[in-house]
Amino acid sequence: MSDVNVKAETNAAPLNGTANGNTKLKFDVPFFNIQAMFGDLTAPATARAKANFEQMKATSEEITAALCDACSTNASHAADYGTKVIEISRTNTSSALEFFSQLADARSFADLMTLSTAHGRKTFEAASAQNRELWDLAQKVATETAEPIKNSFNRVLHRAA
């Protein structure tokens, strides 16, 4: 059996009562009003989805503001840190030049050893103090940068819970 030989019967009747090839057929299919049947089910879901999107938008804006604040804080403290590093470099350079000047004035090997020992001790103490200052400044930068982000995420998570 081929497709050509298949005869399909429908319960269609021509709209104008004539049976020629150009007429549109009217089918006897019951009309289902999908919107009326499911409209009451979709309205609450749509409202919930809209509320959720609004909440996500507000949360996103709050987190973005917190990140902007954190970046601003970080930038200002990074400038302070950079200034401190330059200040330390200047101090260490001055100390080295002073040491070389004293070495040039040394008269004996004993004077060289005394100057070297004193300069080494002074340099070690200065480096320890400078490292402590830089460490404290780095901790301050990290804490003050992370604090707004942490607070913002805590607010958002508590609201979501």
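The values are calculated or read from the model by the stated rules, or taken from the named source; none is laboratory data. The structure displayed is predicted, hence computed values, not measured ones. Counting neighbours? That spans all protein chains shown, and the Cβs are built from the backbone with ideal geometry, glycine included.
Descriptive notes on the structure:
- Scope the stretch 13-61; condition of a type in the set (D, E, K, R) and at pLDDT 85 or above; matching residues: 48, 50, 54, 57, 61
- Residue pairs meeting the criteria (Cβ under 6 Å; at least 6 apart or on separate chains; first closer than 13 Å to residue 73 by Cα, in the stretch 122-150; second surrounded by 13 or more Cβ atoms within 10 Å (Cβ to Cβ) and among the small types (Gly, Ala, Ser)): 145/70; 148/66; 148/70; 149/66; 149/70
- Scanning the stretch 118-161 for residues that are part of a helix (DSSP H, G or I) and small (Gly, Ala, Ser) yields 118, 120, 126, 127, 128, 129, 138, 142, 146, 152, 160.
- If you go through the stretch 66-117 and keep only what is farther than 27 Å from residue 136 by Cα, assigned to a helix (DSSP H, G or I) and among the hydrophobic types (A, V, I, L, M, F, W, C), you end up with 97, 99, 100, 103, 104, 109, 110, 112, 113, 115.
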